[in-house]
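Some notes on the structure that comes next.
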Amino acid sequence: MELTSDTKFVIGILIATVLVIGGGAYFANKKTPDAEGKIVPNSLVNRLVQEDSATIGPKDAKVTFVEFGDFQCPSCGSLHPILKDVKEKYKDQSVRFMFRHFPLPQHEHAFLAAEAAVEAGKQNKFWEFHDLLFENQTNLKQENLVAYAEKIGLHMDMFRSALDSHAHKSTVERDVADGKALGLGGTPTLFVNNRLYNGKHSVDALSAAIDAALK
Amino acid sequence: MEMHKGLVGTAFLGLILSGYLFIAYVSPEPIACISGEGCKAAQLSKYASFLNIPTPAYGMIFYLTLGMLGALWAESTKKKLLPYLIALVGSGFAVSAFLTSIEAFVLKAWCSWCVASAILVVIASMMTVQLVLKNKQQSYGTNI
């Protein structure tokens with residue numbers, strides 16, 4: 001088969017396009033995102049931290065680390081083991097971790113899962129429940145939530161009643177409203193003290209941001 | 001110039017679309033689930049890669065091959081190339097239909113770039129059907 005010059009030219013253009021895309025992918029992969037995001041304005045600071053939200057760490061901690069998350073969001077799911085390591089690393093330091101709910105509308109089980117987590121928090125087992133939800137985030141139907149609640153030993157009558165009556169709907173809605181007021185575009189969104197965290201989702205990068213805030 | 005301009009043009013557009021998705025896939029920017037943004041939902045799903053290779057990379061291979069076939073298309077080569085075109089576009093159509101159904105029924109989110117790529121696959125399929133019919137007519141004409 002003899003190739004005409006036009007055919008050669010077109011094939012060359014197609015191959016050149018692939019090479020340009022390959023180069024773009026290489027440089028995109030090397031790019032390091034800027035970790036420091038914008039500071040939450042004073043007028044909105046009270047929307048960032050709610051004292052009835054689930055926390056780990058001292059109330060008067062020097063650093064408050066806030067995650068706005070969605071139990072059905074795969075990105076929150078991949079961040080979960082990383083944050084677990086970060087929480088373990090800073091458990092004896094002046095760092096408080098807080099979880100705020102931001103269930104996204106496209107995740108059909110996320111809102112009920114958030115309500116269930118609030119109920120688990122009322123029964124002082126938020127973080128155990130939170131871990132189970134993230135570890136099983138593709139199974140978050142009501143019957144799954146009940147099974148997880150049983151597994152960690154929640155008071156089942158109270159739990160079922162809270163889910164059926166949507167007792168914690170307003171708490172989740174308040175968190176979502178706070179998130180929207182803070183300009184959240186999605187989940188997970190992280191804040192270190194009053195500053196939005198834009199950096200990589202790794203133990204090292206998150207630790208660097210927390211260490212800087214601890215200084 | 002004998003090449004099939006329609007196939008080449010479609011392949012070029014598809015290459016740019018899948019190339020953009022490929023770059024977005026390998027970018028280390030923290031990925032977030034975004035309300036109403038189906039591309040992120042698609043990017044975060046288990047369907048974003050197959051055998052550890054990003055799905056857009058398969059798209060790039062598909063469109064590159066389609067472009068090559070389009071560029072090589074000529075009166076003297078079309079009989080030899082048609083079975084390859086049918087196999088390529090047929091498999092591309094099947095994969096595209098599968099991924100579109102995943103968007104509709106599993107992710108319940110639409111990624112505009114993926115939809116655009118699916119439309120290009122439909123266009124390529126229509127052109128292929130046209131070539132098959134033309135080829136049949138020509139064979140029929142030669143036989144009588």
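The values are calculated or read from the model by the stated rules, or taken from the named source; none is laboratory data. As the structure is a prediction and not an experimental result, all values here were calculated from the model. Note that each Cβ is placed from the backbone with ideal geometry, even for glycine, and that neighbours are counted across all protein chains shown. When the accessible area is computed, the model is the full protein with side chains, heavy atoms only, and any ligands, DNA or RNA have been set aside. Shrake-Rupley method; radii C 1.70, N 1.55, O 1.52, S 1.80 Å.
Below, the figures for the structure above:
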| read-out | value |
| --- | --- |
| Over chain A, relative contact order from alpha-carbon pairs under 8 Å, at least 6 apart, % | 31 percent |
| Listing of the stretch A:72-89 residues, each with accessible area lower by at least 20 Å² in the full protein assembly than in the chain alone (probe 1.4 Å) | A:P74, A:S75 |
| In degrees, nearest ten, helix A:142-151 long axis to first principal axis of chain A (Cα) | 60 degrees |
| Residue-averaged [θ]222 nm for chain A, counting only DSSP H segments that reach four residues, each worth -39500 (n - 2.57) | -16500 deg cm²/dmol |
| Accessible area in square angstrom per residue, the stretch A:118-210, 1.4 angstrom probe | 46 Å² |
| Residues in the stretch B:11-25 occluded by at least 20 Å² - accessible area, probe radius 1.4 Å, against chain by itself | B:F12, B:L15, B:F22, B:I23 |
| Ratio Rg/Rh [Cα only; Rh per Kirkwood] for the protein assembly as shown | 1.12 |
| With eigenvalues of the C-alpha gyration tensor scaled by 5 and rooted, chain B, Å | 34, 15, 11 |
| Where chain B is the region considered: accessible area per residue in Å², 1.4 Å probe | 54 Å² |
| Environment charge at A:A167 (Cβ cut-off 10 Å; Lys +1, Arg +1, Asp -1, Glu -1) | -1 |
| Helix A:5-30 axis, angle to chain A major axis (alpha carbon atoms, nearest 10°) | 30 degrees |
| Heavy-atom accessible area, 1.4 Å probe, ligands and nucleic acids excluded: residues of the stretch A:147-193 down by at least 30 Å² from chain alone | A:G185 |
| Under 27 Å from B:K80, Cα to Cα: lysines that are on another chain or at least 8 residues apart | A:K8, B:K5, B:K134, B:K136 |
| Counted charge near A:Y148, where neighbours are those whose Cβ lies closer than 14 Å (Asp, Glu -1; Lys, Arg +1) | -3 |
| Förster-model FRET efficiency, 22 Å R0, B:S76 and B:K5, C-beta, rounded to 0.05 | 0.80 |
| Degrees between helix B:112-143 axis and first principal axis of chain B (Cα, 0 to 90, nearest 10) | 10 degrees |
| Links that overshoot a 27 Å alpha carbon limit, given the list A:K59/A:K89; A:K30/A:K180; A:K84/A:K122; A:K59/A:K215; B:K46/B:K78; A:K125/A:K200 | A:K30/A:K180; B:K46/B:K78; A:K125/A:K200 |
| Whole-percent carbon and sulfur share, accessible surface of the stretch A:39-214, 1.4 Å | 48 percent |
| Residue-averaged 222 nm ellipticity for chain B, from DSSP H runs of 4+ at -39500 (n - 2.57), nearest 500 | -24500 deg cm²/dmol |
| Signed unit charges on C-beta, dipole axis of chain A, positive-most listed residue A:P188, A:Q123, A:G24 | A:G24 |
| Once the Cα gyration tensor of chain A is diagonalised, semi-axes √(5λ) in Å | 40, 24, 16 |
